[in-house]
């Protein structure tokens, strides 16, 4: 599929609309007119997001022997951000317009294709379209959000909301590595909120000031850094395709020298073909010994690995850093499908069952039929012990199926007249729409089998 | 057990020490001298915390038909906090000492028993002990952390880090209730970080400036508010005992009129007998129609329930608001036990299996025996698909058992000489220390059965 075809097929508007309609994602503080590009996750959004995070933690920690989990604070000692280079270098070059008072990223001004030069507040104004724009010289603008904590003395302590979870890992290197009883390579994985004062947030969940990261710092012998850098690019690509992203919608783009962050000796972006075009989904960086060396210098605590035989060195770090929200958006976009079935339009999320917010729906065909409702409630009570399932007796059965399709529920069990005669129910497959009958007593085992088995994407490449 | 006996039995120092020793919890930013009372969760802490949150969400959402999940942003439109009353009323009365420059809560100064009057930075100084203290008149100090977002104009927008997750629920009331297709009573549940600029944080995880909440807002017909208030006190008590807290370590304390928050017409604390004495574990508040009415007034959007028959009213709200960190601390304290077994000291966390970070350990008796290691690895690989299990071949078997006891692993499977002969392994029970043999092929099913079955606390009341 070409980029143009992709953009044509699934628009961001359709995704935003589905998310709103089915309660995945709402604009935050909407009754107060919102707050820039901030979003709240509704019921199905929470379930989907929790599944994305659980699958990541599973792949990083539970399925491996060499990575442990961490959850560090959002507000760290401010010295951390001096050592990391963020106070000095985590900046964007900005220009202000003296006429319209808007602010732009200086490095985006000359890029007429780039939507991000539009100010979020007044999208109709744009440099080049507004001849009266009178721009200042570029100035560096730090993207960390600041706050003040403590109550000793009037001023308190200036502090930052972390712009990345990674530094919370580095400053715990000594604590964790002493306990982990492991020789490099080994890693520390963390999921949590980060904050960046983005000048130009936008594109729905793609760029927001408050966002959630899934970062893992992998500490390796210096000579093996390049090898592990390649390894983690492959691993992370594999994670996305394992959970249903089409390989043709993923590509790896290596940063050129000018793009590299201040800490990085090599970075590759895994890009996804979003409706806005190819954009960063996850970055894999070779951070070298930058961070451990900086924190050693600033804290006075030696952050190095010491072997039992006295061997010692500063490990190099390979970092796969993904975004929870960006992943979720990619999974939604890739799962989104519209088709005509029996002359009716159908929108369906072909989500991997391990990501689907609801694993199965239990539906009595006729919601006023007490016997059917009784059977359906019984099955529902049995399944909900252990599975995220939903009971729905509201409206015509076709409408209920479509609602489940739109939230990506892979299976539906329907209780009908025949159930009352022979205790069989139908199982409906979200993707193929195939229906077959099975004994009601075998539903739980069948569902467990379907959810634990291999899943083949039904999506055309 | 009396409060005095409790304080004697399990000290906070023992809990802090175990958490540090086994990597549950570290002081945050430790290599930089920490940051007040901030903590980072290590590997087992993350797993335990995730289990606490999962059990809460299960009890609130998956096991019920009347509650949906939400995950709103930490930084909301600042008008939210004007409407909620937090800008005006979320304050502590503070006094400063002109001599020592320390700041204290005015309402704690006269309470000589109360540890919280100690300043976190200089615990040796204390009003009353320092005759030179020269106190100012009390002033109101707002406990919300402030920040500034956006880049249009120099100033940006003043904003707050939420001091409670609840308001994110209220401002989404209309969005969620339209989609949830439910008649009150129904609820919205949320887990997430909140921030309060506590003057006197302390007592380990009990009071920190950055903490995680589990809050649920339950919207009910006004006439039923009192009934549901009582219902939720019982429900929440039941959740703590279901996961292993001894009933004798829990009590309900109703706030008197002076204590009530500005929004509340009735609040009860579920208190736990921490090593520091009876202290709040969770609050259940009857918030009346305060929040929906305030947001209706400030936003101009009517937040009310409208029935299909045209009936309309502003629901009243019952709020069970628990702390993730406080719950985790209570579960740890209640599980902590020391005993002498075969003339050796043993520390054991008698955690409920559904909370335990690791469900089972797989241990080859002799770690240099390749055949045993091979069998053990094989079993480990089988179990880790679906269960949080750990493989350990480091050190003497007794030491490995003690390590698993200290992190609360309920079961251990040991591969020994006999395994090589008849393919049986031993299962060791953490609490009773009973060991029995079972076929290696039956381990997975046995573990699943043990984890899904009822669990009886082995803890003396």
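Just so it is clear, none of the values below were taken in a lab; they were calculated from the coordinates. As the structure is a computational prediction, the values presented were derived from the model and not from experiment. Neighbour counts are summed over all protein chains in view; Cβ atoms, including those assigned to glycine, are modelled from backbone coordinates with ideal geometry.
Give the span of the range A:399-441's Cα atoms along each principal axis, as three whole-Å numbers ordered largest to smallest.
Projected onto the principal axes, the Cα atoms of the range A:399-441 cover 31, 18, 15 Å.
Determine the percent antiparallel among the DSSP beta bridges restricted to chain B, to the nearest 5.
Close to 85 percent.
Taking a label point 7 Å out from Cα toward Cβ, give me the nm distances from residue A:234 to the same spot in the other copies, shortest first, one decimal.
Ordered by increasing distance: 6.0 nm.
Where the label is 7 Å out from Cα toward Cβ, how close does residue A:21 come to the same position in every other copy, in nm, shortest first?
Residue A:21 label point versus its equivalents elsewhere: 5.9 nm.
Report the relative contact order of the range B:227-286, percent, no decimals, based on alpha-carbon pairs under 8 angstrom and at least 6 residues apart.
31
Evaluate the relative contact order of chain B (contact order divided by residue number), counting alpha-carbon pairs under 8 angstrom at least 6 apart; express in whole percent.
14
Compute the relative contact order of the range A:338-461 as a whole-number percentage, counting only Cα pairs closer than 8 Å that sit 6 or more residues apart in sequence.
27
What is the helix-to-structure angle for A:324-335, meaning the angle in degrees between its Cα long axis and the longest Cα principal axis of chain A, kept from 0 to 90 and rounded to the nearest 10?
40
Only bridges whose two residues both fall in the protein assembly as shown count here: according to DSSP, what percent of them are antiparallel, nearest 5?
85
So what is the calculated 222 nm ellipticity per residue for chain A, using -39500 (n - 2.57) for each DSSP H run with n of 4 or more, over all residues, to the nearest 500 deg cm²/dmol?
Calculated from helices alone, the mean residue ellipticity at 222 nm is -8500 deg cm²/dmol.
Rounded to the nearest 0.05, what FRET efficiency is calculated for residue B:420 and residue A:66 with R0 set to 30 Å and r the Cβ-Cβ distance?
0.60
Can you grab the distance from the C-alpha centre of the range A:50-69 to the C-alpha centre of the range B:190-243, Å, no decimals?
What the calculation gives is 29 Å, centre to centre.
Give me the angle, in degrees from 0 to 90, between the Cα long axis of helix B:225-242 and the longest principal axis of the Cα atoms of chain B, rounded to the nearest 10.
On a 0 to 90 degree scale, this one is about 20.
Helix A:443-452 versus the longest principal axis of chain A: what angle, 0 to 90°, nearest 10, using Cα atoms?
It is inclined by approximately 30 degrees.
Taking the rotation that carries A onto B, look along its axis and tell me which residue of A has the beta carbon nearest to it, distance in whole angstrom.
A:147, 2
May I ask for the Rg/Rh ratio of the range A:151-221, computed from Cα atoms with Rh as the Kirkwood radius, given to two decimals?
1.12
With a 10 Å Cβ neighbour count serving as the proxy for reagent exposure, in which order, fewest first, do A:96, A:66 appear?
Lowest to highest Cβ neighbour count: A:66, A:96.
For the range A:280-340, what number results from the quotient of the Cα radius of gyration and 2.2 N^0.38 Å?
Rg over 2.2 N^0.38 Å, computed on Cα atoms: 1.89.
Which whole number gives the average count of other chain Cβ atoms within 10 Å of the Cβ atoms across peptide B:41-49?
Mean inter-chain Cβ contacts per residue within 10 Å come to 6.
Between copies, how far does the label point of residue A:446 sit from its twins, in nm, shortest first, when each point is 7 Å from Cα along Cα→Cβ?
3.3
Compute the semi-axes of the equivalent ellipsoid of the range A:381-461, taking the square root of 5 times each eigenvalue of the Cα gyration tensor, and list them largest first in whole Å.
Working through the eigenvalues yields semi-axes of 20, 17, 13 Å.
Diagonalise the Cα gyration tensor of the range B:231-329 and give the resulting equivalent ellipsoid semi-axes, square root of 5 times each eigenvalue, largest first, whole Å.
32, 15, 11
Based on the alpha-carbon gyration tensor of the range A:319-461, what equivalent-ellipsoid semi-axes (square roots of 5 times the eigenvalues) come out, in whole Å, largest first?
The answer is 28, 17, 13 Å, longest axis first.
Give the calculated FRET efficiency between residue B:449 and residue A:136 to the nearest 0.05, with a Förster radius of 60 Å applied to their Cβ-Cβ distance.
Computed FRET efficiency for residue B:449 and residue A:136 comes out at 0.30.
Residue A:98 versus residue B:107, label points 7 Å from Cα toward the beta carbon: distance in nm?
Each label point lies 7 Å from its Cα, and together they span 5.3 nm.
Using just the C-alpha positions of the range B:373-427 as equal point scatterers, what log10 of I(q)/I(0) does the Debye formula give at each q in 0.19, 0.23, 0.27 1/Å?
With no solvent term, the Cα-only Debye profile gives -0.71, -1.02, -1.28.
Please report the projected area of chain A's Cα convex hull averaged over all directions, in nm².
Projected over every direction and averaged, the Cα hull of chain A covers 27.7 nm².
Roughly what would the spin-label model give for residue B:87 and residue B:227, points 7 Å off Cα along C-beta, in nm?
3.9
Roughly what % antiparallel, to the nearest 5, for the DSSP beta bridges in the range B:307-439?
Given both bridge residues lie in the range B:307-439, the antiparallel proportion sits at roughly 65 percent.
So how compact is the range B:331-393: Cα radius of gyration and Dmax in angstrom?
Reported Rg and Dmax, both Å: 14.7, 40.
Report the full-extension gain for the segment residue A:370 to residue A:253: residue separation times 0.36 nm, less the Cα-Cα distance, to one decimal in nm.
Extra length from residue A:370 to residue A:253 when fully extended: 36.3 nm.
Calculate, for residue A:436 and residue B:246, the FRET efficiency according to 1/(1 + (r/R0)^6) with r their C-beta to C-beta distance and R0 56 Å; round to the nearest 0.05.
0.65
Taking all pairs of distinct Cα atoms, average 1/r, flip it, and tell me the Kirkwood hydrodynamic radius of the protein assembly as shown in Å to one decimal place.
29.6
Once every Cα of the range B:359-399 carries one equal point scatterer and solvent is ignored, give the base-10 log of I(q)/I(0) from the Debye formula at q = 0.17, 0.18 Å⁻¹, two decimals.
-0.41, -0.45
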